[in-house]
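The values are calculated or read from the model by the stated rules, or taken from the named source; none is laboratory data. Here the structure is a predicted model, which is why all the values come from computation and not from measurement. No Cβ is skipped: glycine too gets one built from the backbone with ideal geometry, and neighbour counts run over all protein chains shown. Heads up: the accessible areas ignore ligands, DNA and RNA and are worked out on the full protein's heavy atoms, side chains in. Shrake-Rupley method; radii C 1.70, N 1.55, O 1.52, S 1.80 Å.
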Amino acid sequence: MSSLAIIGAGAAGLAAARALREARPDIAVTIYEKSRGLGGRAATRRREGFTFDHGAQVIKAPTPEAERLLREELPAADLRRIEPPVWVFDQSGAVAPGDPSLNAEPSYCYRDGNSRLGKLMAEGLDVRREVRVAALGRKTKDAGPAAPASASPWAYDLRDTDGRHIGAADAVLLTAPAGQSAEIVAASELDPGVGSALATELAKGGYRRCISLALAYDRPIERPYYALVNADRAHPIAWLGLEHAKGAERVPPGHSLLIAQMAARWSLERWGDPADVIGPEVAELVSELLGEDLRRPLWWDRQGWRYALPDGRCDFEALNGTGSGLFFAGDFTTGLGRVHLAVESGRRAAERIAAFLTLA
């Protein structure tokens, strides 16, 4: 039986594993995730009776494939379509209705938070959490007792930060953000030409940082939209979501919760500042944008996303055409931070992996 190691249990890695389980059950797939969570930036937090998505705010389904995944392939009992539209605002804070065509695309969330997506996608898969793969070693059938024998001469030995063996596979799919994948490639034993080509391509996959601040209030905040997005990218706030619009169970009765996701430059400049330092400034900006005094929330909660949104794009063909048994998937191959695009890239990589391991 051939084997595949997937590094990262985000949407791309989970989608690839699911696709291979369906199409190639003869391939043994193991997913290694450095954290405890599943689903990457589709992450949820709970605090004092509030439930909020501090990463990916919505799960878009603009294609039949994305719609089918959410509504047919996965259990949909807790899936909820977000009906209110997204409006836009500019540098001056002027608010206007959003693009009708974009608002017509279905946007979903899960009743108990978008982290539900990763949990559902991971059901039945071999996921090893809190295991960090730091480097890949090459070994052959005659590599000796240092690592378990493999059926293929190009097999990879997976190592942790201390250089210890933690697994082996005939092929490896890397789905961590481009910068993190580049670090693994740089630390690995690869053919110099392959390593150099991959490093050059992965260098194109930069990311913008984002500080996401949740603000809780003990009164209703109602608007004709679910969220506001900054259309000209010139405001300190990039996205302002009314999290309670996702469902009454998200907040205690009579309460509201806002998610302010800050622009890349603002986030970079204040990256080291804690919530109690940036909170008053963000609350002031939110008050100005919504035209309501919201400067005194019950509490605020900070999350810093170092790899929030792609700021460049790596060529999928260049990364997945080396013939080395290394494959790549994730939003850095699409140039846009969208859950459904990460899923598509994972499925696309699965097709390449299935063909490669057939030839092997």
> What are the residues in segment 197-220 that are out of contact with any Phe, Trp or Tyr (no Cβ under 9 Å at 6 or more places or on another chain) and either assigned to a strand (DSSP E or B) or farther than 30 Å from R296 by Cα (or both), if any?
Replying inline: A197, A199, T200, A203, Y217
>> With the requirement that a residue be open to solvent by 30 Å² or more (accessible area, probe 1.4 Å) and either touching a residue at least 60 places away in the same chain (Cβ under 8 Å) or not small (G, A, S) (or both), what does segment 341-360 give you?
In response: L341, E344, R347, R348, E351, R352, F356, T358, L359, A360
>> Can you name every one of the strands (runs of 3 or more DSSP E) wholly within segment 30-93 that holds 3 or more residues which are more than 19 Å from the chain's Cα centre (by Cα) and closer than 30 Å to Q180 by Cα?
In response: none
> Of the residues that make up segment 94-111, is at least one under 30 Å from V286 (Cα atoms), open to solvent by 10 Å² or more (accessible area, probe 1.4 Å) and touching an Asp or Glu at 6+ places or on another chain (Cβ under 6 Å)?
Replying inline: yes
>> Quick check on my filter: what residues within segment 22-55 are surrounded by 16 or more Cβ atoms within 10 Å (Cβ to Cβ) and of a type in the set (D, E, K, R)?
In response: R24, E33, K34, R41, R45, D53
> For segment 6-17, does any single residue satisfy the condition of being touching a Phe, Trp or Tyr at 6+ places or on another chain (Cβ under 6 Å) and of a type in the set (A, V, I, L, M, F, W, C)?
Replying inline: yes
> Can you find even one residue in segment 145-156 that is at negative phi, modelled with pLDDT of 95 or more and touching a strand residue (DSSP E or B) at 6+ places or on another chain (Cβ under 8 Å)?
Replying inline: yes
>> With the structure loaded, tell me whether G163 is at pLDDT 95 or above, open to solvent by 20 Å² or more (accessible area, probe 1.4 Å), assigned to a loop (DSSP other than H, G, I, E, B) and out of contact with any strand residue (DSSP E or B) (no Cβ under 7 Å at 6 or more places or on another chain) or whether it fails that test.
In response: no
>> Filter segment 10-21 down to the residues that are in contact with a helix residue (DSSP H, G or I) (Cβ under 9 Å, 6 or more places away or on another chain) and part of a helix (DSSP H, G or I) and list them by number.
In response: A11, A12, G13, L14, A15, A16, A17, R18, A19, L20
> Tell me, which residue of segment 62-93 that is open to solvent by less than 80 Å² (accessible area, probe 1.4 Å) and small (G, A, S) is nearest to G241 (Cα to Cα)?
Replying inline: G93
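Residue by residue, here is whether (1) touching a residue at least 24 places away in the same chain (Cβ under 8 Å); (2) of a type outside the set (G, A, S) holds:
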| residue | (1), (2) |
| --- | --- |
| A11 | yes, no |
| R18 | yes, yes |
| E22 | no, yes |
| D90 | yes, yes |
| L102 | no, yes |
| S115 | yes, no |
> What is the one condition in (1) surrounded by 15 or more Cβ atoms within 10 Å (Cβ to Cβ); (2) assigned to a loop (DSSP other than H, G, I, E, B); (3) out of contact with any helix residue (DSSP H, G or I) (no Cβ under 6 Å at 6 or more places or on another chain) that L125 does not satisfy?
Replying inline: (3)
>> For segment 181-196, give me each residue that is assigned to a helix (DSSP H, G or I), out of contact with any helix residue (DSSP H, G or I) (no Cβ under 8 Å at 6 or more places or on another chain) and surrounded by fewer than 20 Cβ atoms within 10 Å (Cβ to Cβ).
In response: E183, P192, G193, V194, S196
> What is the number of the single condition among (1) under 27 Å from the mean Cα position of the chain (by Cα); (2) of a type outside the set (A, V, I, L, M, F, W, C); (3) closer than 26 Å to Y108 by Cα that R223 does not meet?
Replying inline: (1)
